Amino acid sequence: MKEIYAKFVSQKISKTRWRPVPSGSLQTAETFTTGSWDNEKNYVSLWSIGDFGHVDSDGGMDGDHQLLCESKHHGDVMDLQFLDQERIVAASSTGSVTVFLHHQNNQTLSVSHQWTTAHYHTGPGSPSYSSAPCTGVVCNNPEIVTVGEDGRINLFSADHKESVRTIDNADSSTLHAVTFLRTPEILTVNSIGQLKIWDFRQPGNEPSQILSLTGDRVPLHCVDRHPNQQHIVATGGQDGMLSIWDVRLGTMPVSLLKAHEAEMWEVHFHPSNPDHLFTCSEDGSLWHWDSSTDVPEKSSLFHQGGRNSPLLAHSISNQAAAHPSLLTSWLSADPAKDRMEITSLLPTKTLSVNSLDVLGSCLVCGTDAEAIYVTRQLFS
Amino acid sequence: MEDLDGEPAVTLIPEVNSTKKQLCFDWGPGEMLTCETSFNKKAKPEAEPTCPYIYILRKDMDVHSPILRKLFNESHGIFVGLQRLEEELSGRPRKAQLVRVSKNYRSVIRACMEEMHQAATAAKDPASSSQLSSQVSILSAVELIWNLCEILFIEVAPAGPLLLHLLDWVQLHMCEVDNLSADVLGNENPSKHDKFWNLVTVLVLQGRLDEARQMLSKEADANPGSAAMCRVLGDLMKTMPILSPGNTQTLTELELKWQHWHEECERYLQDGTFAPSPHLSLLCQILLGNEAVILEQKELLGTWYHLMVTQLLYSHPTVKPTELHIYAQSSLDLFLGGESSPEPLDNILMAAFEFDIHQVIKECSIALSNWWFVAHLTDLLDHCQLLQSHSLYFGSNMREFILLEYASGLFAHHSLWQLGVDYFDHCPESGRVSLELHIERVPLNTEQKALKVLRVCEQRGMTEQVRSICKILAMNAVRNNRLGSALSWSIRAKDAAFATLVSDRFLRDYCERGCFSDLDLIDNLGPAMMLSDRLTFLGKYREFHRLYGEKRFVAGASLLLSLMTSQIAPRSFWMTLLTDALPLLEQKQVIFSAEQTYELMRCLEDLTEGRPTCSEPDGLGPQADDVETTKVEMLRLALARNLARAIIKEGSLEGS
């Protein structure tokens, strides 16, 4: 993490997401999208870090990311996900869910579909209609699942006007985030510290399982599922704690790790190197958690691969996934031993880091100090 | 920069009726001047009294410029870093650090200026282009002032190095010469370019003698007749003694050498070496510091402070900081020549040369439409311990007063309020109070934003504000019928009264519907249940239902009874509780012991005793009354039967 580029963009960034790389391709990350919040006019923007093939003399690339295109967004961008290579789903504080289409030939961003009243307190059509912010969205093309402050869960299909499934009053408190577990199961986290697993095959509005931290009811703000092991999830809470859960085992987290000093806004496993985890927080810090360091015997090949070339690391970690002894680094992580290697990625603490995303060796994050940070040498 | 002495512009405000005593102005937040109007009154004459339309006369436009937002955000980071620096290095020599901070501020200004300049050239309509250009010139003036303040107040350069810094300062801000140089050198025959001698003169005026010599050698190549003269002048330029940063020579040595060099120049001029070429002769006279000759180059100099620095370079290279203002004043007088009066920028620079920091800050505050510059400069100078003696009659010191103004301006902006928080934090006297007043007024449109505001308050222990924000959120949730959310918020605020209110809503809903909503929350209250009696009751009552559902009747029964005997349950709810006891009384096995049954009976009697048997005033009608009476009858019967069974059971157990 030697070089990190900052760019001030004159809007508070609420979300940053890499465009997924087509599976099986050797491309590296080069385009990401951002959403802004708390501005008079909010935007969904697309940025490129690629400099269109130019590599300067010393082999490095010019670090500055350039704006490709942007589109106005009604309300704060609460969450943002790529549906596929071209389509972006944005959740709005006005309760609407919008699908933006990126036209790559002329670099424009247009609204391709919108569910205007996805989340609401008082129904559309009634005179006292009041919308509720949509707080989270997760995509698994063509399925889009949204959650909101109204405690509602919507399942949309990208091609259908009406929602496929709606669970009203799914939660008595605010749902903060959602992720897919095993299709068709989803997992939500709420503001009273609970994880709920929902199975869309089951009728009714009861979750199939509830997990929670006992006692404190600390709100959970984010959740991410281990990319290879679908039963492991990581959550981040209001007190900045990182919890690792095995949804198969009981209702308690497997480990609780003291992390940030304030709300943890996002947690992400590295998609191809899941021993690495990234978290960001309201306290203005961005952390890299490396759990691979506490198992010395597996390190040599794996680490060199990771250091020298991201591609090699990728292929090796796939092998690792097939090897049971390497599977459990997160579950066995013992906080008492504290052998997890944690690095802070931002040079100075700023205002809240609201969002981050990792892909390959690239990381992007956005802050309330109106800066976007990008690095391309995560493992160097 | 605004002109102070200009005629005030007349602004026509539509729809103002001054005869109705309605015309009133007020300063709103963030440099905003507002005025009430009678707009929209005619459109809806029958409408209920509404908020009058307010006309915004003037507002701080700077804060809304997207490019300046970068300046605000980036400098916020530097500001916070500077305050931290203060904590880290108390006592140690800090000059180098402070100079670095000052340079960081300036580089942010420069970056912003460059971007603004690009935007101005790219802008399509002339209005916005000229607006951006004027912003560029303001920023460039700001940077000029900052740089001078850095040299004089932060760097505190002594005689000798002082002049080198001033030269850098002039060179940095008179950058037209670079364009000119590129233009001339781009020509295939530079010395024939019609601006060639202009360029050489400017280079000499700015003290860039190496470059000037290169130019002269070009002239020598192109014009063999003057080659000898050029060589002599070039040698003079080369031998001019200057203080180099790494050199250890003393000022006296330098002065001595300089004196020699000066005499040598004089000699060449006197013996007519340069007589054939008026250009070279002019250059030599500049090297000699001839005031009249230098002043003739007014066009090339452009500004009085350039004149001053050139004059100092060739006449008083070892000028002391304390003497600066004398030269500054005379240069200004010479330059203006009594034809025009000094502009605000001139006054500010002059005040700086006079080392009158407070005058600099005062003039800047008047001339600039935004507090950004003054706030950051004042803070930095305060860290240099230059402002301590000065306290103002309105309570706080100057640094704090200006920072408060700037931070309030940030709070007036839709999105920049988060930056303002850190500025308030570093105002020891009234920062906290101001923050308390401002933070409560941040509109909360999503819970996410509310959480951020709450975090700000909680970190600073502002319990009153935390409670008020949570209450707002809880009220919103109740209004939206989100009882679970409302309860969560009132628990977070530790607001017992509101928790009681929400618990009552839950219980009412239960009585109406016969089932609980939001079980996920109520089942997981934990210690939070203790917040209010009603909430405790709600949690315990739900626990009873769970026990009943799990068929743990004995535990359930004693819990139910204790709810009444311990007076946690509200009286109005006792009948429901007793009704809940009915199925337990009717179970095959005996659940309530004899003693418990007596307690239940007492509760029932307490309840029925208080209320009149025929209750007309409650208006429920005879039917409801009948139901109630039947219920009581049934309960009495069930209690009596249970008592009988319990006595038999307890007796027989003892007997066996």
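The values are calculated or read from the model by the stated rules, or taken from the named source; none is laboratory data. Just so it is clear, the structure is predicted and the values come from calculations on it, not from any experiment. Positions of Cβ are generated from backbone atoms using ideal geometry, with glycine treated the same way; all protein chains shown enter the neighbour counts. Surface areas here come from the heavy atoms of the whole protein model, side chains and all, with no ligands, DNA or RNA. Shrake-Rupley method; radii C 1.70, N 1.55, O 1.52, S 1.80 Å.
Return the average number of partner chain Cβ atoms within 10 angstrom of each residue Cβ along peptide A:219-228.
Going residue by residue through A:219-228 and averaging, the value is 1.
Using amide H atoms built 1.01 Å from N in the peptide plane, name the residues 5+ places from A:Thr135, or on other chains, whose amide H lies under 5 Å from its own.
For A:Thr135, the qualifying residues are A:Val147, A:Gly148, A:Glu149.
Using modelled amide H (1.01 Å from N, peptide plane; none on Pro or chain starts), what sits under 5 Å from the amide H of A:Leu68, excluding residues fewer than 5 places away?
A:Leu46, A:Trp47, A:Ser48
Among B:216-223, B:412-419, what's the highest-first ranking by average C-beta atoms within 10 angstrom per residue?
The peptides rank, most packed first, as B:412-419, B:216-223.
Tell me the GluC sites (Glu not before Pro) within region B:476-551 that lie in a loop according to DSSP and have at most 15 other beta-carbon atoms within 10 Å.
When the GluC sites (Glu not before Pro) of region B:476-551 are filtered for loop state and at most 15 Cβ neighbours within 10 Å, B:Glu550 remain.
How much area per residue is accessible in region B:175-328 when the probe is 1.4 Å and only protein heavy atoms are counted (Å²)?
Per-residue accessible area for region B:175-328 comes out at 50 Å².
Tell me the label-point distance for the pair A:Arg201, B:Gln249, using the 7 Å Cα-to-Cβ offset, in nm and rounded to one decimal.
9.2
For region B:274-377, state which chymotrypsin sites (Phe, Trp or Tyr not before Pro) are in a DSSP loop and have at most 15 other beta carbons lying within 10 Å of their beta carbon.
Passing both the DSSP loop test and the Cβ count: B:Phe355.
At a cut-off of 30 Å², which residues of region A:120-143 become less accessible once all protein chains are present than in their chain alone, using a 1.4 Å probe?
Residues shielded by partner chains are A:His121.
Give me the distance in nm between label points sitting 7 Å out from Cα along the Cα-to-Cβ direction at B:Cys511 and B:Glu440, one decimal.
3.5
Under a 5 Å amide H to amide H cut-off, with H placed in plane at 1.01 Å, what residues pair with A:Ile192 once short-range neighbours are removed?
A:Leu220
Work out from phi, with θ = phi - 60° and the Karplus expression 6.51 cos²θ - 1.76 cosθ + 1.60, the ³J(HN,Hα) of each residue of region A:113-127, listed in order in whole Hz, and give x for Gly and Pro.
Karplus values, whole Hz, x for Gly and Pro: 7, 8, 9, 6, 10, 6, 10, 7, 8, 10, x, x, x, 7, x.
How far is the Cα center of region A:253-283 from the Cα center of region B:302-320, in Å?
60
Mind counting lysine pairs for me in region B:182-297? Cα separation below 20 Å, and the two need to be 8 or more apart along the chain or on different chains.
4
Please turn the phi angles of region B:190-206 into ³J(HN,Hα) values with the Karplus equation 6.51 cos²θ - 1.76 cosθ + 1.60 (θ = phi - 60°), one per residue in order, whole Hz, x for glycine and proline.
Rounded to whole hertz, the list is x, 6, 8, 5, 5, 9, 4, 6, 4, 4, 4, 4, 4, 4, 5, 4, 8.
Taking accessible area as the heavy-atom solvent-accessible surface of the protein chains with a 1.4 Å probe, which residues of region B:442-469 lose no less than 20 Å² upon going from the isolated chain to the full protein assembly?
B:Asn445, B:Thr446, B:Glu447, B:Gln448, B:Lys449, B:Leu451, B:Lys452, B:Arg455
On a 22 Å Cα-Cα criterion, which of the cross-link pairs A:Lys72/B:Lys449; B:Lys320/B:Lys362; B:Lys551/B:Lys588; A:Lys15/B:Lys452 come out too long?
B:Lys320/B:Lys362
Give the calculated FRET efficiency between B:Ala496 and A:His103 to the nearest 0.05, with a Förster radius of 56 Å applied to their Cβ-Cβ distance.
Efficiency computed from Cβ-Cβ geometry: 0.50.
Rounded to a whole number, what % of the accessible area of region B:264-351 do carbon and sulfur atoms account for, probe 1.4 Å?
Carbon plus sulfur share of accessible area: 51 percent.
When ranked by the protection proxy of mean other Cβ atoms within 10 Å per residue, highest first, what sequence do the peptides A:269-278, B:171-180 form?
Top of the packing list down: A:269-278, B:171-180.
Averaged across the residues of A:36-42, what count of C-beta atoms belonging to other chains lies within 10 Å of each residue's C-beta?
4
Other chains' Cβ within 10 Å of B:473-485 residues: what's the mean?
Mean inter-chain Cβ contacts per residue within 10 Å come to 4.
Take the alpha carbon atoms of region B:405-421, find their center, do the same for region B:71-140, and report the distance between the two centers in whole angstrom.
17
Could you work out how far the C-alpha centroid of region B:458-476 sits from that of region A:3-17, in angstrom?
30
For B:Gln171 and B:Glu211 in the same chain, what is the full-extension length gain: residue separation times 0.36 nm, less their Cα-Cα distance, in nm?
Net length gain for the segment: 13.1 nm.
Which residue, B:Ser558, B:Gly461, B:Tyr541, has the largest displacement toward the positive end of the dipole of region B:458-607 when charges sit on each Cβ (Lys, Arg +1; Asp, Glu -1)?
The residue sitting farthest along the positive end of the dipole is B:Gly461.
In nm, to one decimal, how far is the modelled label at B:His316 from the one at A:Thr28, with both set 7 Å along Cα→Cβ?
5.9
Could you sort the peptides A:91-97, A:166-172 by per-residue average Cβ neighbour count (10 Å cutoff), highest mean leading?
Top to bottom by mean Cβ count within 10 Å: A:91-97, A:166-172.
Check each of the GluC sites (Glu not before Pro) in region A:118-209 and keep only those in coil by DSSP with at most 15 other C-beta atoms within 10 angstrom; list them in order.
Here the sparse-neighbourhood loop sites are A:Glu162.
Show me you know the interface measure: the accessible area buried between A and B, both chains summed, probe 1.4 Å, in Å² to the nearest 100.
3400
Short version: ³J(HN,Hα) in whole Hz for each residue of region A:157-169, in order, from phi by Karplus 6.51 cos²θ - 1.76 cosθ + 1.60 (θ = phi - 60°), x for Gly and Pro, what are they?
10, 3, 9, 10, 6, 8, 6, 6, 8, 10, 10, 6, 6
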